[in-house]
Amino acid sequence: MKPLLSKAQLDYTKAKSQFEDRAKVMEKKIELARGVHGEITQEIMEGLVLETGFHDAFNDLTLAENELIKWSHVTIKHEKTYRDNKVEIEMMYDKLNEDPEMRARVIQLAMKIR
């Protein structure tokens, strides 16, 4: 039986999948452009980012991550683990915007909440 996921978890999963798909398309387009132009200029790269939808997918993923983080922060407050480790957990959430590794770690943990 599949585990039940929250809306925030489902939205994140969908956005991550779409981002990864767009990234693969972008990689292929870069290789094709490199074959035609030799060097990828900033102008070419900007065109490919828009053409492939990579920029929109990145923005959607960021929004989904933010919602997942917000949801997890509210949800975890009902857990005994949170009450026992409140100071440490709050420090993790406070560092999210400064530390990309901490952000990734919180996202991974948020996806494990059931």
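What the table shows:
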{"read-out": "Scaled radius of gyration (Cα, divided by 2.2 N^0.38 Å) that the range 1-68 gives", "value": "1.40"}
{"read-out": "Angle in degrees between helix 100-110 and the longest Cα principal axis of the chain, rounded to the nearest 10", "value": "60"}
{"read-out": "Reported label for calculated Rg/Rh (Cα atoms, Kirkwood Rh) given [x] 1.13; [y] 1.08; [z] 1.16", "value": "[x]"}
{"read-out": "Of LYS16/LYS86; LYS7/LYS29; LYS80/LYS112; LYS7/LYS70; LYS14/LYS112, those spanning more than 22 Å from alpha-carbon to alpha-carbon", "value": "LYS16/LYS86; LYS7/LYS29"}
{"read-out": "Estimated dipole of the chain in Debye, rounded to 20 [Cβ of Lys and Arg +1, of Asp and Glu -1, Cα centre]", "value": "780"}
{"read-out": "In Å², nearest 10: area of ASP56 left accessible to a 1.4 Å probe", "value": "100"}
{"read-out": "Radius 11 Å from Cβ of MET102, net charge of other residues (Lys, Arg +1; Asp, Glu -1)", "value": "-1"}
{"read-out": "Helix-only CD estimate at 222 nm, as mean residue ellipticity for the chain, using -39500 (n - 2.57) per DSSP H run (n ≥ 4)", "value": "-26000 deg cm²/dmol"}
{"read-out": "Accessible solvent surface per residue of the chain, calculated while the other protein chains remain in place, 1.4 angstrom probe, Å²", "value": "74"}
{"read-out": "Carbon + sulfur, % of accessible area of the chain - ligands and nucleic acids excluded, 1.4 Å", "value": "56"}
{"read-out": "SER72, SER6, SER17, reordered so the largest accessible area comes first (probe 1.4 Å)", "value": "SER17, SER6, SER72"}
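The values are calculated or read from the model by the stated rules, or taken from the named source; none is laboratory data. It should be emphasised that the depicted structure is a prediction, and the values quoted were computed from it without experimental measurement. Here the Cβ is made from the backbone with ideal geometry for all residues, glycine too, and neighbour counts use every protein chain on show. When the accessible area is computed, the model is the full protein with side chains, heavy atoms only, and any ligands, DNA or RNA have been set aside. Shrake-Rupley method; radii C 1.70, N 1.55, O 1.52, S 1.80 Å.
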